[in-house]
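In what follows, a structure is listed as structure tokens, so that the remarks can point back to it.
Bear in mind that the values in this text are calculations on the coordinates, not laboratory data. Because the structure is predicted, anything quoted here is derived from the model rather than measured. Reconstructed Cβ throughout: ideal geometry from the backbone, glycine too, with neighbour counts over all protein chains shown.
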């Protein structure tokens, strides 16, 4: 049973309201200290398992594309260690950590270059627990517009470091984006934008970057881009913002954002060199990213925006941040909980596999209005929204961050209050420190013998 806005909140070890939006990524140092990278370039730390945190140092920084970050360090060449969609990873050397981040590389100052900047990934290395940083090396190949999701580095049991990323293909919005649909809903009889990326004009496809020498050189998976092919004669679909975990030695699982009403997954049986075609999971979702992790007992944990097709079509998007556990390697999911929700329900059955978008959309004035189903076009009282989880697993607890926003009515417009530029005095992220048993409905973690027997291969 859920207790809106969170399932069993009294079991939490700590809940922090922070201004870090969806930039958090974590790594644990050799001595046990936890580092968290926030704002794309500042480090804070905790010495008590996430219960208390230091404050970030540094100053605000704006890159060539106008993106705002909080920069705390410069590398040994004097350049800022900063970027978007950061991921931290523990390296093999003592006191050694790595940081990957997206950077913009504008080849020129032309109007079209500024509208569609070239995005790539770079990797910085520190051998003193983040006090100083070496100059970065390039991770993604030139010419492939590459983005990612924060906090998605994986160090597999072989020592290979993997970063799932996605490429944006095709033309962007162009100099006139007014013909694109605008989706949202009415909140207290005022229109608000409830979520993005339902009508992106570009195609997105996933690929994997990996390093076998502790981040010094990088290559990509051998079998090309990973894309959703539902039927050999009909439909491709985009996928992006992937997250990855290791289910068994050399067997990797990646989950991907898409617009088909549920999370999709792909598998690798060779430590990330090659991948299956993505297939749908049983986890209902809107077009937002998920995090997947392997728990100390080998079970899988997924944290994502769980939403029904009806909720998406009503514009009630990002209104439930949920978790679920799989005890058989990703087939059956159990123990559905809500970390943040406006709904009582904790489990949502996914609908048909097809594009799912808000029903209330608008085109530029002068273009014909579209037909809309009145069942889904109505005023909404879903005041809150959260998304973009980060997740750090320890032996006895899990640290989860997610964005948190609140629609606030104003005389001229209702807006979602998050982000330093919109509401600098309001928190825009929550960090929740939860005991491992919270994710099992408050019960001590244990195997399900029915599922374990089905998951293990038959004995000769």
Revision key, fill the gap. Contact order relative to length for the range 187-236, counting C-alpha pairs under 8 Å separated by 6 or more residues, stands in percent at 25
**Study point:** Cα gyration tensor of the range 179-292 - equivalent ellipsoid semi-axes, whole Å, descending
**Key:** 31, 16, 14
Point to revise | Two-site FRET efficiency, residue 269 against residue 334, from Cβ-Cβ distance with R₀ of 30 Å, rounded to 0.05 | key: 0.75
**Study point:** Alpha-carbon centroids, the range 373-406 and the range 267-326: separation in whole Å
**Key:** 13
Check your understanding: Once the convex hull of the C-alpha atoms of the range 235-285 is built, how many Å³ does it hold per residue, rounded to a whole number?
Key -> 78
Study note, to complete from the structure: Note: probe point = Cα of residue 48 + 7 Å toward Cβ; backbone nitrogen < 19 Å; residues of the range 12-28 passing the test are 12-18
Point to revise | For the range 1-72, projected area of the alpha-carbon convex hull averaged over all directions, nm² | key: 6.7
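Give me the percent of DSSP beta bridges within the chain that run antiparallel, rounded to the nearest 5.
In the chain, approximately 95 percent of DSSP beta bridges are antiparallel ones.
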**Study point:** Most to least packed among 198-204, 363-369 [average Cβ atoms within 10 Å]
**Key:** 198-204, 363-369
Review point. Stretch residue 55-residue 344 to full length: gain in nm at 0.36 nm per residue minus the Cα-Cα span?
Key: 100.5 nm
Review point. Quick one: length gained pulling residue 447 to residue 248 fully straight, 0.36 nm per residue minus the C-alpha distance?
Key: 70.0 nm
Study note, to complete from the structure: Subtracting the Cα-Cα distance of residue 179 and residue 197 from 0.36 nm times their residue separation yields 5.0 nm
Revision key, fill the gap. The range 183-240: spread of alpha-carbon positions along the three principal axes, whole Å, largest first, is 56, 37, 15
Check your understanding: What value does the range 250-379 have for Rg/Rh, both radii from Cα atoms and Rh as Kirkwood defines it?
Key -> 1.05
Point to revise | Distance (nanometres) between label positions extended 7 Å along Cα→Cβ at residue 231 and residue 362 | key: 3.6
Check your understanding: Got the relative contact order for the chain handy, in percent, Cα pairs under 8 Å and 6 or more residues apart?
Key -> 15
Check your understanding: Tell me, what is a quarter of the convex hull surface for the C-alpha atoms of the chain, in nm² with one decimal?
Key -> 23.6
Exercise for review: Pop a pseudo-label 7 angstrom from the Cα along the beta-carbon direction at both residue 213 and residue 297 and give the gap in nm to one decimal.
Suggested key: 4.2
Review point. Over what distance in Å are the Cα centres of the range 15-43 and the range 124-173 separated?
Key: 17
Study note, to complete from the structure: CD proxy, 222 nm, the chain: helix-only mean residue ellipticity via -39,500 (n - 2.57) per DSSP H run with n ≥ 4, per residue, nearest 500, stands at -1000 deg cm²/dmol
Exercise for review: Give the order of 267, 218 when sorted by the count of other beta carbons within 10 angstrom, beginning with the fewest.
Suggested key: 267, 218
Exercise for review: Just grab the label-to-label distance for residue 62 and residue 10, each label 7 Å out from Cα along the Cβ direction, in nm (one decimal).
Suggested key: 4.9
